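Below you'll find the structure, written out as structure tokens, and then a few comments.
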Amino acid sequence: MAITLLFVVLFVLLFAGVPVAFALLSAAFVAALSLGLPPVVVAQQVAAGASGPTLVAIPLFIFAGELMLRGGISDRLIGLAAGLVGHLRGGLAQINVLSSLFFGGVSGSALADVSAVGGTMIPQMVKRGFAREFAVNVSISAALVALLVPPSHNLILYSASVGGSVSIIDLFAAGVLPALLMTVAIMVVNRIIAVRRGLPTEPFPGWRDVLRRLISALPGLLLVAIIFIGIRAGIFTAVESAAIAVAYALLVTMVIYRSMGWRRLLEVITAAARTSGLILFVIGAASAFGWLLAYLEVPRVTVELLQSMAGTRWEMLLILTVLLLVLGTFMDLGPMILICTPIFLPVARAFGVDPVHFGVILVLTGGIGLITPPVGSVLFVGTAIGGISVGQAVRAIWPFYIAAFAVVMIVVFVPQLSLWLPSVLR
Amino acid sequence: MNAKGAASQAEQGGARPGNVALILAAVSLACLVITQLSQVLGRYLFNETPGWTETVSILLMNSAMMFGAAAGVRAGAHFGFTLGVDHLPATLAIGVRALREALVALLGAALSWLGLYLVLDTWPVKAAGAPLPQGLAYAPLFLGGALIALFALVRGVSILRGRSP
């Protein structure tokens, strides 16, 4: 009864347009009261859920990403991508994808990626005669790459949702090859569409110019290397690396690029504070919701149910993937990670799936929901930038869905793709 | 004073606390950076990792969350899906939006009340690692919850007056 109440209240309120965090919180309060629990446990879970030691990294990486974004790094990254792949079939579309990969390494967020890269690239693509739907669909699909590139906020969230027992740096390393695979898959789709439609290319600027652009963008690209080397060498922890990223971003934007003054810095920090507050509040509310799921023994029941349905690890992974794809279309990724991890990770572990591999599957599969209706936040932002309706975008997006689904299947059924790099870097 | 005047005053009243909420969230974030950096610097410069950083980080995280969330309510920036409401007839949509703000205000008030209870209940307990009362960690819940309730009420009033908040 309480489980039904929990989900009915959540979905009714979401449909009524209540913000996700408040819908989760309402459902948690209603279920707690129906179970006769004191409502103070919900408030306690909100505070505890959003202040886990691992989660400290998220607002700090948001701050670092915001500094890099407004400090001129995104323009330099796009410039480098233009030099490298602008001359390929599809020109600006290919630049868009590679820029998303580079920018993902700075922001760690698909939403920030589509805002920064899509905000610049969609208008340029439209100006050069690309169809608006195509420009939007390339941008939002490419933004998925940021989910897997370090410093991915969602991989940090996954680590936090298992109490930090899965190493963040292993997760960061595990996401790299799937992110590259996704980049290549989207670029292949771009090429096929470009050839069919005869889309324009950009002139190759020459290797000297590419080198100049690389040097200009290098301080931004180095962020990922600093994080990796610093954590792996034991110089600082994953959480401390986020503070180092902020210090480094301040150094790059205020001293090296000289693109950030004190007034601008104040704007950046207030923007980062608001974004962090919104995200942390969703995390807190989802933690309260997830605590009630655990209290109601939903994870145990799910393990038993899935064990009775699946005979082998691959059958179980297939069932989980389908479930996550369906759930991803109805839930935002952050709450989904916090709610689904305690339910599905025990199942995956029972079948011998590595928790690092499962983390990559969860974030990638759930992430596809960000570009599908009815609740795809990246889809909404992309269509708003492109000035088209969600329906217009979705009618033309299927080649990108196919590519993303193919990548998901490869990531699910080839665990080495996720586990090889962490083992090499260990 | 008529209802219109009261509502207008309420809207103006929401502006200053809104800025205060955002400033508090920004200060919390800046302090969080300093706290984490001091952990690294303490370890390498003074050969000693400070013990207070984790407790203070939790307080700052809660502050960034609650004040940032309150600023988000004021700006209408919380993420939600409005497709269902967008297709309703105008009058009904206004009613649903006003009810939505009322619910947010109720939840903010509940968090504030329960946060105050937690502050008072845990105040005598000393926090681990820092000379601070444990109850301080829940103070942002109390204050931020109150601001969420205030801003949601202001937005609700604006919606009922036919203004886009």
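Only the coordinates and a few stated rules stand behind these numbers; no lab work does. Everything numeric here is computed off the predicted structure, so don't read it as measured data. With ideal geometry, Cβ positions are generated from the backbone for all residues, glycine too; neighbour counts draw on all protein chains shown.
Contact order, relative form, for the stretch A:23-425: 27 percent (alpha carbon pairs under 8 Å, 6 or more residues apart, mean separation divided by residue count).
The packing ranking, built from the mean of other Cβ atoms within 10 Å per residue, places the peptides B:45-55, A:380-390 in the order A:380-390, B:45-55, highest first. About the centre of its Cα atoms, the stretch A:23-425 shows a dipole size close to 1180 debye [charges on the beta carbon of Lys, Arg (+1) and Asp, Glu (-1) only; nearest 20 debye]. The order of A:W398, A:W262, going from fewest to most other C-beta atoms within 10 Å of their C-beta, is A:W262, A:W398. Could you please state, rounded to a whole Å, how far the C-alpha centre of the stretch B:23-53 is from the C-alpha centre of the stretch A:238-304? With the stretch B:23-53 and the stretch A:238-304 each reduced to a Cα centre, they are spaced 16 Å.
The residue list A:V326, A:G90, A:I244 was ranked by how far each Cα lies along the charge dipole of the protein assembly as shown toward its positive end, using unit charges on Cβ atoms, and A:G90 comes out on top. If you build a Gaussian network model of chain B, linking Cα atoms that sit under 10 Å apart, which residue out of B:P131, B:P89, B:P140 swings the most? In the Gaussian network model the winner is B:P89. Phi angles across the stretch A:91-99 convert, under the Karplus curve 6.51 cos²θ - 1.76 cosθ + 1.60 with θ = phi - 60°, into 3J(HN,Hα) values of x, 4, 5, 5, 4, 4, 5, 5, 4 Hz, Gly and Pro given as x. Legend: mean number of C-beta atoms from other chains within 10 angstrom of residue C-beta atoms, peptide B:92-101, equals 2.
Per residue of chain B, the DSSP helices (runs of n ≥ 4 H) give a summed -39500 (n - 2.57) that works out to -27000 deg cm²/dmol at 222 nm.
Sorting the segments A:412-422, A:355-365, A:84-94 by their residues' average number of neighbouring beta-carbon atoms within 10 angstrom, most packed first, yields A:355-365, A:84-94, A:412-422. Each helix, a run of at least 4 DSSP H residues, gives -39500 (n - 2.57); summed and divided by the residues of chain A, these come to -24500 deg cm²/dmol at 222 nm. Over chain A, with a Gaussian network built from C-alpha contacts below 10 Å, which listed residue (A:E304, A:E267, A:E133) shows the highest mean-square fluctuation? The residue with the greatest mean-square fluctuation here is A:E304. For the pair A:V255 and A:W398, label points projected 7 Å from Cα toward Cβ lie 5.5 nm apart. Here B:H78, A:H153 are placed in order of increasing Cβ neighbour count within 10 Å, fewest first, which gives B:H78, A:H153. Simple rule: put +1 on each Lys or Arg Cβ and -1 on each Asp or Glu Cβ in chain A, find the dipole, and look at A:S107, A:S34, A:L338; the Cα lying farthest toward the positive end is A:S107.
So, with +1 on the Cβ of K and R and -1 on the Cβ of D and E, and no other charges, what is the size of the charge dipole of chain B about its Cα centre, to the nearest 20 debye? Don't skip to the end; give the middle numbers.
Numbers: 10 positive and 6 negative charges, 102 e Å.
With Lys and Arg at +1 and Asp and Glu at -1, about 500 debye.
With a 10 Å radius around each residue's Cβ, average the other Cβ atoms per peptide and rank B:105-111, A:40-46, B:116-122, highest first. Intermediate values should be presented prior to the final figure.
Values: B:105-111: 21.6, A:40-46: 23.3, B:116-122: 17.0.
Descending mean neighbour count gives A:40-46, B:105-111, B:116-122.
Within 10 Å of the Cβ of each residue in A:9-16, the mean number of Cβ atoms contributed by other protein chains is 3.
Have a look at B:F142, B:F67, B:F79 and tell me which one the Gaussian network model of chain B (Cα, springs below 10 Å) gives the largest fluctuation. Among B:F142, B:F67, B:F79, the largest mean-square fluctuation in the Gaussian network model of chain B belongs to B:F79.
Taken residue by residue and averaged, Cβ atoms of other chains lying within 10 Å of the Cβ of B:107-116 number 5. Backbone amide hydrogens, once placed in the peptide plane, bring A:G91 within less than 5 Å of A:E202, excluding anything fewer than 5 places away on its chain. Positive-end ranking of A:Y295, A:L181, A:V126 along the dipole of chain A, with charges on Cβ about the Cα centre, is headed by A:V126. The alpha carbon radius of gyration of chain A, expressed as a multiple of 2.2 N^0.38 Å, is 0.96.
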